[in-house]
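The values are calculated or read from the model by the stated rules, or taken from the named source; none is laboratory data. Quick caveat, the model's predicted, so the values are computed rather than measured. Ideal geometry is used to build each Cβ from the backbone, glycine not excepted, and the neighbour counts take in all protein chains shown. Surface areas here come from the heavy atoms of the whole protein model, side chains and all, with no ligands, DNA or RNA. Shrake-Rupley method; radii C 1.70, N 1.55, O 1.52, S 1.80 Å.
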Amino acid sequence: MSDDPKALVKHFYAEVSAGNLDVIDDVLAEDFIEHEEFPGIEPNRAGVKQFFGLFRSSFPDLRLDPHEMVAEGDLISIRCTMSGTHEGEFMGLPPTHKHFEVEGIDMVRFRDGAFTEHWGVFDTLAMMQQLGAIPEPASA
């Protein structure tokens, strides 16, 4: 495991994007705590694996791209994009075959070469609008 949190973030994003969800067991500590709530998902390492399993089944080409990263102490903040094509049911929404791309912010606590906590937000409204599940606002 890397002692460089930025290298670990890049590795994690690349492996999840490639469909290797086993990286979650390698990179997240056993006592990992997830602070980003998602309906029906436990806030732990198993829940993160379930979350990305759900997303990969709905968006087989799911991609996470880290951009700027800022590390201070045991925390690292990442501006990132998430994208994919909707090919499987997602939270009751049948496949639309539409592509989405949204920005997000992740903050991760790093200890002993592993992630121990995560906070994150991404633009769920824009994602659902791009998928056609929610109408986009009318232009003025």
Please work out if Arg45 is open to solvent by 40 Å² or more (accessible area, probe 1.4 Å), farther than 17 Å from Phe110 by Cβ and touching a residue at least 12 places away in the same chain (Cβ under 8 Å). no
Subset tally (residues that are closer than 20 Å to Gln50 by Cβ and in contact with an Asp or Glu (Cβ under 6 Å, 6 or more places away or on another chain)) for region 81-94: 1
Please work out which one of (1) out of contact with any Pro (no Cβ under 8 Å at 6 or more places or on another chain); (2) surrounded by fewer than 18 Cβ atoms within 10 Å (Cβ to Cβ) is the condition Phe51 fails and give its number. (2)
Could you say which residue among Val102, Val108 is on the phi < 0 side of the Ramachandran plot, touching a helix residue (DSSP H, G or I) at 6+ places or on another chain (Cβ under 6 Å) and β-branched (Val, Ile, Thr)? Val102
Any idea which of (1) open to solvent by 20 Å² or more (accessible area, probe 1.4 Å); (2) on the phi > 0 side of the Ramachandran plot is the one Pro66 doesn't satisfy? (2)
I need every pair where a residue in region 117-132 that is open to solvent by 20 Å² or more (accessible area, probe 1.4 Å) has its Cβ under 8 Å from the Cβ of a residue that is among the acidic types (Asp, Glu) and assigned to a strand (DSSP E or B), sequence separation at least 6 or different chains. Glu117/Glu34; His118/Glu34; His118/Asp106; Trp119/Asp106; Phe122/Glu103; Asp123/Glu103; Gln130/Glu101
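Yes or no: Asp61 of a type in the set (Asp, Glu) and out of contact with any Ser or Thr (no Cβ under 7 Å at 6 or more places or on another chain)? It would help to see each step written out before you state the result.
Values: of a type in the set (Asp, Glu): yes; out of contact with any Ser or Thr (no Cβ under 7 Å at 6 or more places or on another chain): no.
So Asp61 fails the test.
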Filtering region 3-40 down to residues that are open to solvent by less than 60 Å² (accessible area, probe 1.4 Å), at pLDDT below 95 and not in a helix (DSSP H, G or I), which residue is nearest to Phe55 (Cα to Cα)? Phe38
Total residues in region 76-114, condition open to solvent by 40 Å² or more (accessible area, probe 1.4 Å), part of a strand (DSSP E or B) and either over 16 Å from Phe12 (Cα atoms) or among the aromatic types (Phe, Trp, Tyr) (or both): 3
